[in-house]
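The values are calculated or read from the model by the stated rules, or taken from the named source; none is laboratory data. Computed from a predicted model, the values in this text were never measured in an experiment. All Cβ positions, glycine included, derive from the backbone under ideal geometry; neighbour counts span all protein chains shown. Heads up: the accessible areas ignore ligands, DNA and RNA and are worked out on the full protein's heavy atoms, side chains in. Shrake-Rupley method; radii C 1.70, N 1.55, O 1.52, S 1.80 Å.
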Amino acid sequence: MQKQDPYAALRFKEFNIFLLVRFFLVFGWSMQFIVIEWQVYSITKDPWSLGLIGLMEVIPAVGMALFAGHIVDQREKRTLLSTCIAFFSLISLGLFLLTSPEITENWSQNSVLYSIYALVFFGGILRSFFGPTIFSLVALIVPKKIYPNAATWSSSTWQTATILGPAFAGFTINWIGVHWSLCIIFGLVVLSFMILFLIPKKPILNPKIGEDVWESLREGINFVRNEKVILGALTLDMIAVLFGGAVALLPVFAQDILEVGPQGFGMLRAAPAVGAVLTMLTTAYIPITKNAGKKLLAAIFGFGVCIIVFGLSNIFWISLVALFFSGLVDGVSMVIRQTILQLRTPDEMRGRVASVNSIFVGSSNELGAFESGLTAKLMGTVTAVIFGGTMTLITVFATGYFNPSLRELDLTEDIKRQSETS
């Protein structure tokens, strides 16, 4: 049996450039989300307002997702990604201006708040393009036989950025305030835009350029619907994230329950990502593709348990550890899901399949934020988190029972076939 090279994807220069672009972009995006959460809750002191942040992003992200996937499959990926980053920089600039003294002192709080929600809404439109474009671009940079390794490093980079972004946001909010924190974010987005042009344009692999949009969308949806393993993995993760979205309520826990301030808030927000990136770096050396279905179910079950422990805790270090372990097991789920998608999606359909993935999984983060805000409003913050964790456990048992093909999934044969055809 050939020994796995843990650095296989990193031996490609373009992939390293791609990772750098993704790091700066995700670092800025995750930092921006934290700063916005802090600012909005500081204005309203209402957990419902945090739920609205998720709702404002998820509406356009879901509404545009399938059309974005069609466009991604029809366009050159490097150019499309650079266009998305350029528009994202304008949103970051807008948020920076909205928090300037000139505006905050002369505008009403509602005017500032609604303007923030509007920019988050436009960010949701961009969000529908980012996921499919990045997913498709990776497949054009590295050979098929190292897709699992590339997925691991790409996800690890994403998680590393989401570790440092929130932690740095908590530090900068305390150090230089919300306004100048957003200025740093704008600079990071511009930097990612410039680095991206070190990657040359890539060929368009879709043989159906100019295909009718409705036929294209129907083909993508039918593919996911007929691939029971992909459909099962996406559904499981969507429901788990939807009901386990406790991180959306972290400003409430940091300010009112644990009373740890902005730096403690940054630590809490980063803890799941710390656990996830450790898992992903480990899987670069120790593959988890054998019995992947059972490992996926076990990982999401552990995630639900961690969320319940977090909800019950009023001690900072226990809450921090619970969130760390939630990220640890979530990292297993993420690597397995990304490997399934990379191995079982045809090149010409990557944009559309990734769009369906963004509806199921990516947007469930925002829907989870909305669900958490709503349930916190109705039943209290702590009860809402415990409820979400319990629903996650129920989902795992139901999926394991009703989807045997996912439960018995083993990806070792898929990897072997890709190695033989590359």
Residues in the stretch 247-254: is at least one out of contact with any helix residue (DSSP H, G or I) (no Cβ under 6 Å at 6 or more places or on another chain) and open to solvent by less than 10 Å² (accessible area, probe 1.4 Å)? yes
Would you check if Leu231 is free of Cβ contacts under 8 Å to residues at least 40 places away in the same chain and open to solvent by less than 60 Å² (accessible area, probe 1.4 Å)? yes
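A quick yes/no check of all residues on (1) closer than 11 Å to Ala9 by Cβ; (2) open to solvent by 10 Å² or more (accessible area, probe 1.4 Å); (3) out of contact with any Phe, Trp or Tyr (no Cβ under 6 Å at 6 or more places or on another chain):
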position	(1), (2), (3)
Phe130	no, yes, yes
Ser136	no, no, yes
Ala139	no, yes, yes
Tyr147	yes, no, yes
Trp153	yes, yes, yes
Ser156	yes, no, yes
Thr160	no, yes, yes
Pro166	no, no, yes
Phe171	no, yes, yes
Which residue pairs have Cβ atoms closer than 6 Å, lie 6 or more positions apart in sequence or on different chains, and pair a first residue in the stretch 145-167 that is within 21 Å of Asp5 (Cα to Cα) with a second residue that is open to solvent by 30 Å² or more (accessible area, probe 1.4 Å) and not in a helix (DSSP H, G or I)? Lys145/Ser422
Which of the residues belonging to the stretch 28-56 are open to solvent by less than 10 Å² (accessible area, probe 1.4 Å) and not aromatic (Phe, Trp, Tyr)? Gly28, Met31, Ile34, Val35, Glu37, Val40, Ser49, Leu50, Gly51, Ile53, Gly54
Of everything in the stretch 87-106 that's open to solvent by 50 Å² or more (accessible area, probe 1.4 Å) and in contact with a helix residue (DSSP H, G or I) (Cβ under 8 Å, 6 or more places away or on another chain), which residue is farthest from Leu191 (Cα to Cα)? Thr104
Answer yes or no as to whether Gly400 is in contact with a Leu (Cβ under 6 Å, 6 or more places away or on another chain), modelled with pLDDT of 80 or more, open to solvent by less than 70 Å² (accessible area, probe 1.4 Å) and among the small types (Gly, Ala, Ser). yes
Assess whether Tyr114 counts as being of a type in the set (Phe, Trp, Tyr), open to solvent by less than 10 Å² (accessible area, probe 1.4 Å) and out of contact with any Asp or Glu (no Cβ under 7 Å at 6 or more places or on another chain). no
I'd like the full set of residues that are outside any helix (DSSP H, G or I) and either open to solvent by 10 Å² or more (accessible area, probe 1.4 Å) or more than 19 Å from Asn149 (Cα to Cα) (or both), limited to the stretch 255-288. Leu258, Glu259, Val260, Tyr285, Ile286, Pro287, Ile288
Among the residues of the stretch 179-214, which ones are open to solvent by less than 20 Å² (accessible area, probe 1.4 Å) and assigned to a helix (DSSP H, G or I)? Ser181, Leu182, Ile185, Val189, Ser192, Leu196
Evaluate the stretch 349-356: report whether one residue or more is at pLDDT 75 or above, in a helix (DSSP H, G or I) and either open to solvent by 20 Å² or more (accessible area, probe 1.4 Å) or of a type in the set (Phe, Trp, Tyr) (or both). no
Determine whether the stretch 59-66 contains at least one residue that is touching a residue at least 12 places away in the same chain (Cβ under 8 Å), more than 18 Å from Pro132 (Cα to Cα) and either in a helix (DSSP H, G or I) or in contact with an Asp or Glu (Cβ under 8 Å, 6 or more places away or on another chain) (or both). no
Close pairs from the stretch 175-192: first within 16 Å of Ile91 (Cβ to Cβ), partner in a loop (DSSP other than H, G, I, E, B), Cβ under 8 Å, at least 6 apart: Val178/Thr99; His179/Thr99; His179/Ser100; Leu182/Thr99
With the structure loaded, tell me whether Phe121 is open to solvent by 30 Å² or more (accessible area, probe 1.4 Å), part of a helix (DSSP H, G or I), modelled with pLDDT of 85 or more and not basic (Lys, Arg) or whether it fails that test. yes
Among (1) within 17 Å of the chain's Cα centre (by Cα); (2) at pLDDT 80 or above - the single one Ala240 does not satisfy: (2)
